[in-house]
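See structure below.
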Amino acid sequence: MKDTSFAELTLFITGPTFIRPQVRQAGLLPEFGHRDTENNLRFQPIMTNLKKLAGVGDDHQVIIFNGSGSTAMEASIRSLAADGETVLNASVGAFGDLYHKMAVVNGKKAVQLKFEPGRAMDLAVLEAGISEHKPAVVTITHNETSTGVTNDIVAACKIIRKSGALALVDGVSIFGGAACPIAESGCAMYSTSTQKSLGLPAGFGIAFVTAEAVDKAGKVANRGHSSDILGQLGRAGKFQTLTTPNCTLANQMFVQLDYIVNEEGIENRFARHETMRGMVADFVSGLPGYELFAQKGHGSATLTTVRAPKGISVKDLKAVKEVMRAKGYLYDPGYGKLNEQLEKDGKQPIFRIGHMGDITPAMLETYLADLKSSLPTA
């Protein structure tokens, strides 16, 4: 193979993320036919291990979409919100806003309930919004990637279900890095993806759906093709995908999920992410003028957002990216649109530290030491 000029960087962004060498190597495993028995050798263990990681049983079915977490989220809107029904989108950041956009561009009657960036959902406000708008479907974010805020989805879904509405949850940036109480929450559909806390390349959206969701989908017209969860489930029941999968990614996913469940161990993986969250919090406490952005008690286990001190601009944070690139890292100078809005409002910008997937505490410790010497001072 010809030499390339591609940089070998360790990614500390919020997705895509660092890929273990063993997972890269798994990309060289043999290709296969997706309607052949070889397919089941990959996808049956994949789906079984996904359910173990999710902590769900036979009352949930797994769908693997070709695409991304956004593909799964849009399928939840297309399949579970009927024309004329109100969809309430509760948003604590950019990806909650995306869920709202999906409802709007798919012609749904959508209402948005926005919370201040950096803050978790206020459950009293959520309950009041549901009472006012009487939605049939409510979308919420488990882990907001733009702000590093984690919401209490069990409490939120309890409020949603009490109203008789279906709860749809975006868990894209947390699944595989922390316990996701999918069954306990009672949500109808939980969407996630491969390229973040699972430590895999992008390419698959993943959904966990209940019988309640299946029943509702049967009453919704114009669900599309790849966005139709009923069509997807017809193949998922045979451990297949509806459309031709990325066979390379399937091989990598087989290897990675076996490692997570049977080698590292699920609880150990979650504990490692908790340790890294604490490491970053300690790091920030030692940086004069810098502070954690996420509301106390709602900081993500998979990524941390840090507010810069006064006198430091978005431009200053972006300049750090090239300094860290020279040290062999890809650094995240913050979610662009959010930082633009913060500066416009006279507030300080943020940067993000991804500590998800297969990043280890030792890797993070080295990164933080290099970052500390590269950050601007007020």
* Unit charges at the beta carbon, dipole of the stretch 1-147: most positive-side option, M121, G33, H60 -> G33
* Span per principal axis, largest first, for the Cα atoms of the stretch 192-291 (Å) -> 56, 31, 22
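What's the Cα-based Rg to Rh of the stretch 1-158, Rh via Kirkwood? Please report the intermediate quantities before stating the final value.
Values: Rg = 19.6 Å, Rh = 18.8 Å.
On the Cα set of the stretch 1-158, Rg over Rh gives 1.05.
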* Hits among aspartates and glutamates - C-alpha to C-alpha of K108 under 17 Å, sequence gap 8 or more where chains match -> E74, D83, E85, D97, D228
* Dipole of the chain, positive direction: furthest Cα of G231, A221, N262, with charges on the beta-carbon -> A221
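Take the solvent-accessible surface of the protein heavy atoms, probe 1.4 Å, and return the percent of it on the chain that carbon and sulfur atoms account for.
Numbers: 8220 of 15790 Å².
Carbon and sulfur together cover 52 percent of it.
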* Structure fact -> Mean-square fluctuation maximum in Gaussian network of the chain, Cα pairs under 10 Å, restricted to S285, S173, S70, hits S285
* Asked: Ignoring ligands and nucleic acids, what accessible area does D258 show with a 1.4 Å probe (Å², nearest 10)?
  -> 60 Å²
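Tell me, what is the per residue accessible area of the chain in Å², probe radius 1.4 Å? Please list the in-between numbers first.
Working: 15790 Å² over 378 residues.
Per residue, the chain has 42 Å² of solvent-accessible surface.
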* Relative to the present Cα-Cα distance, how much length would full extension add between Q44 and T377 at 0.36 nm per residue of separation? -> 114.7 nm
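When Lys and Arg each count +1 and Asp and Glu each count -1, what net charge do the other residues less than 12 Å away from Q232, Cβ to Cβ, add up to?
Numbers: positive: R78, R223, R235, K238; negative: D228.
Every neighbour counted, the sum reads +3.
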* Structure fact -> Ranked by GNM mean-square fluctuation in the chain (Cα springs under 10 Å), the top entry among L88, L168, L230 is L230
* So, with +1 on the Cβ of K and R and -1 on the Cβ of D and E, and no other charges, what is the size of the charge dipole of the chain about its Cα centre, to the nearest 20 debye? -> 540 debye
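Quick one: which of K2/K318; K51/K216; K114/K347; K134/K337; K315/K344; K114/K344 span more than 20 angstrom between C-alpha atoms? Show your work: numbers first, answer last.
On the way: K2/K318 32 Å; K51/K216 22 Å; K114/K347 18 Å; K134/K337 31 Å; K315/K344 14 Å; K114/K344 18 Å.
The answer is K2/K318; K51/K216; K134/K337.
Return the calculated 222 nm mean residue ellipticity for the chain, to the nearest 500 deg cm²/dmol, obtained by summing -39500 (n - 2.57) across DSSP H runs with n ≥ 4 and dividing by the residue count. If you can, show how the numbers build up before the last one.
Values: 14 runs with 155 residues, N = 378.
My calculation for the chain gives -12500 deg cm²/dmol from helical runs alone.
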* Asked: To one decimal place, what orientation-averaged projected area in nm² is obtained for the convex hull of the Cα set of the stretch 130-182?
  -> 3.9 nm²
* Relative to the Cα centre, what is the charge dipole magnitude of the stretch 51-196, using +1 at the beta carbon of each Lys and Arg, -1 at the beta carbon of each Asp and Glu, and rounding to the nearest 20 debye? -> 140 debye
* Specify the residue with the greatest mean-square fluctuation among G203, G334, G286, computed from a Gaussian network of the chain linking alpha-carbon atoms under 10 Å apart. => G286
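Given N residues in the chain, what is Rg(Cα) / (2.2 N^0.38 Å)? Provide the component values of the computation, followed by the final result.
Details: Rg = 20.6 Å, N = 378, 2.2 N^0.38 = 21.0 Å.
This ratio for the chain stands at 0.98.
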* Asked: Roughly how many debye, to the nearest 20, is the charge dipole of the stretch 1-121 about its Cα centre, given +1 on each Lys and Arg Cβ, -1 on each Asp and Glu Cβ, and no other charges?
  -> 180 debye
* Asked: How long is the stretch 56-112 along each principal axis, judged by its Cα atoms, biggest number first, in Å?
  -> 33, 25, 20
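From the gyration tensor of the Cα coordinates in the stretch 230-365, what semi-axes in whole Å does the equivalent ellipsoid have, largest first, with each one equal to sqrt(5λ)?
On the way: eigenvalues 249, 78, 47 Å².
Largest first, the stretch 230-365 gives 35, 20, 15 Å.
The values are calculated or read from the model by the stated rules, or taken from the named source; none is laboratory data. As the structure is a prediction and not an experimental result, all values here were calculated from the model. In this analysis, Cβ positions are derived from the backbone assuming ideal geometry, glycine residues included, and neighbour counts consider all displayed protein chains. When the accessible area is computed, the model is the full protein with side chains, heavy atoms only, and any ligands, DNA or RNA have been set aside. Shrake-Rupley method; radii C 1.70, N 1.55, O 1.52, S 1.80 Å.
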